[in-house]
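The structure under discussion appears below in the form of structure tokens.
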Amino acid sequence: MKLEKTSWLAAALACILAVTLLSACSKAPAGEEGGNAPTSNTPKTTATATDKPKERGKITASVYDRGNVPAEDGTIENNRYTKWLNENGPVDVTFMSVPRWESQQKFNVLFASKEAPDLILEYDTNYRNQLFNQQLIMPLDDLIEQHSTAYKALLEENPILKKVTTKSDGKIYEFAKINGLQPNHVLWIREDWLNNLQLDIPKTTEELFEVAKAFKEQDPDRNQKNDTNGMALSFISGMIVDYMFGNVFTIYEKQPWYPNEQDELVHDWNRKLAATAFKKRLFDAGLVDKDFLTDGNGDKAKQDFINGKLGIWGGTLDQGVFETLRANFPEARMIPMPLPESPIGSFSPVLQNPVQSVGAVNVLAENPEAVMEYVDFMLSDEVRTLAGYGIADEHHSLVDGCPVVNDSEAVKNQMSYRGDFFMLVSADFSNPCEGWWNLKKENATELQWEMKDLRFAASEAYINPDHPLPALTHGEHMPVMPADLQINQTNGFKAIHDALVKSIISGNAYSVEQAIADGQSAWKQANGDEIDQWYADWYKENKDNAFLTKDMYALAQDVFFAK
């Protein structure tokens, strides 16, 4: 069967410049990062006396540039990993860098000039949906059926992958991977500070306020100085406060629709009010950094935490933060705490997307079959080992049959930037060597072993349907609205967010209640009623088939919980 490409190519040429007119989508920190992935590599073709040897394919592929490649390793486009992938893979790959937090702007320019890569690797679902709407990516059903081995097997073993990669016309347009349901955001608290002040882990938002107040005022580190803040509000920390109140309207994620008692999807303003009021209370009491709004990516809050100036911080399961804190303060103990219960309910923070779409194929790709070969190669054992442990003999050695990363600063630096090359790699929960959950004590440093226990604790705290993710679904699985409504939504959301932020820092001059009223007015002016109705109609028609939050918990793996 001929690949479904011809009509898409014509449409793409007609509208390829239009993509630059679309505004960039918001990005969530989040999570970049059950079922068993296949382990066989793409079979090689054997030439006979009359057959010509198969010509080696050539493709281009995007890779995020985070500015973290050590100078001695080269660039993100040319380094030890790009060389390994070209030397060991089935096709020649030219890697094209896109700035991690400005990837969409770069992609837009590349599409407009017809220079976009063949394989587009992008976490942002909204942007990939833009590419689908603009007919800039190709359907993959025939490509997978006719030219894939490993990815085709992965689809057959995990039908959920097809569900999340199929678009409104019933065809597959994306490549996805299995992550399993794991914690992403974590609310960390200094357990040693609690002990110093003889306090318990706060179980309600009211208790959280009192603990933050004590951390601010009662010298929790016993250094005889008034130099600590109770908690952070910037970046992930602020998002976690929103989630305590079931409010999925954060600096990055905005899903203010929730099923009511009649199972109808409605826009809820009470959650925004409650979460913002609590933030304002923390700010007015001086328990948070008064300049938190300037800490857009949370770096200052992170530094305050690892430098012993902050008691409660929202972050991720970051081994580096843990080790740096302990190096600075050997007596320090940080633990993940369940989100305190609010008057709205009891929830979890952001969880990793258990089934994640990450890739698409440019409709102008000259050799999509070679792209498929490369995608299959990404599912091989050797690539999985490279993704997890680096290059054999350089970065890891085998201990009892399992690869163990060599413990040196050089190895840490050389492995620090590898992750984005392996966005297509699925977790293999059956592999006794793979994953933090299989770490053996004899192969771990003391702090790595402690971190394993903290990861188990985070799973226990957050992967629980009784304290659910408050979102309708993971943001990457939200439906695609018509383009005109997307613009209205963006404008309306900005007006609401600006009003809420203003109320937090304005004291008595501008109340949260007034911010909600102004936000409702701005939402109505932005055609918000039609947007709300669109989501309500979508939910009514698709709730039985869509991938929703309740479906995520079925993908939790036993390996994430301590036995």
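The values are calculated or read from the model by the stated rules, or taken from the named source; none is laboratory data. If you're wondering where the values come from, they're calculated on a predicted model, not measured in any experiment. Reconstructed Cβ throughout: ideal geometry from the backbone, glycine too, with neighbour counts over all protein chains shown.
May I ask you to say which residue of GLY238, GLY314 is assigned to a strand (DSSP E or B) and surrounded by 23 or more Cβ atoms within 10 Å (Cβ to Cβ)? Can you show your working first?
On the way: GLY238 fails: assigned to a strand (DSSP E or B).
Among GLY238, GLY314, only GLY314 is assigned to a strand (DSSP E or B) and surrounded by 23 or more Cβ atoms within 10 Å (Cβ to Cβ).
Remark: MET378 matches the filter, which requires a residue to be within 27 Å of the chain's Cα centre (by Cα) and in the same structural domain as PHE421 (by TED's automatic domain parsing).
Listed here are the strands (runs of 3 or more DSSP E) enclosed by region 64-182 that have at least 3 residues being under 25 Å from LEU379 (Cβ atoms) and among the polar types (S, T, N, Q), and there are none. Per the listing SER511, SER521, the residue uniquely out of contact with any helix residue (DSSP H, G or I) (no Cβ under 7 Å at 6 or more places or on another chain), surrounded by fewer than 16 Cβ atoms within 10 Å (Cβ to Cβ) and of a type in the set (Ser, Thr, Tyr) is SER521. Consider region 467-482 and keep the residues that are modelled with pLDDT under 95 and not hydrophobic (A, V, I, L, M, F, W, C). The one that is nearest to THR125 (Cα to Cα) is GLU476.
Answer with yes or no whether PRO479 is within 28 Å of ALA285 (Cβ to Cβ), of a type outside the set (S, T, N, Q) and not in a helix (DSSP H, G or I).
So PRO479 fails the test.
For region 398-425, the tally of residues that are under 14 Å from GLU382 (Cα atoms) and touching a Pro at 6+ places or on another chain (Cβ under 9 Å) stands at 1. For LEU197, the criteria (1) at positive phi; (2) assigned by TED's automatic domain parsing to the domain that holds PHE329 hold in every case but one, which is (1).
With in a loop (DSSP other than H, G, I, E, B), closer than 30 Å to PHE132 by Cα, among the hydrophobic types (A, V, I, L, M, F, W, C) and at pLDDT 95 or above as the only criterion, which of ALA365, ALA332 stands out?
Step by step, each of ALA365, ALA332 is checked, and only ALA365 is in a loop (DSSP other than H, G, I, E, B), closer than 30 Å to PHE132 by Cα, among the hydrophobic types (A, V, I, L, M, F, W, C) and at pLDDT 95 or above.
When region 201-231 is filtered for residues that are farther than 19 Å from LEU454 by Cβ and assigned to a loop (DSSP other than H, G, I, E, B), the ones remaining, listed by number, are LYS203, GLN218, ASP219, PRO220, ASP221, ARG222, ASN223, GLN224, LYS225, ASN226, ASP227, THR228.
Can you give me the number of residues within region 335-351 that are in contact with a strand residue (DSSP E or B) (Cβ under 7 Å, 6 or more places away or on another chain) and either surrounded by fewer than 20 Cβ atoms within 10 Å (Cβ to Cβ) or part of a loop (DSSP other than H, G, I, E, B) (or both)?
6
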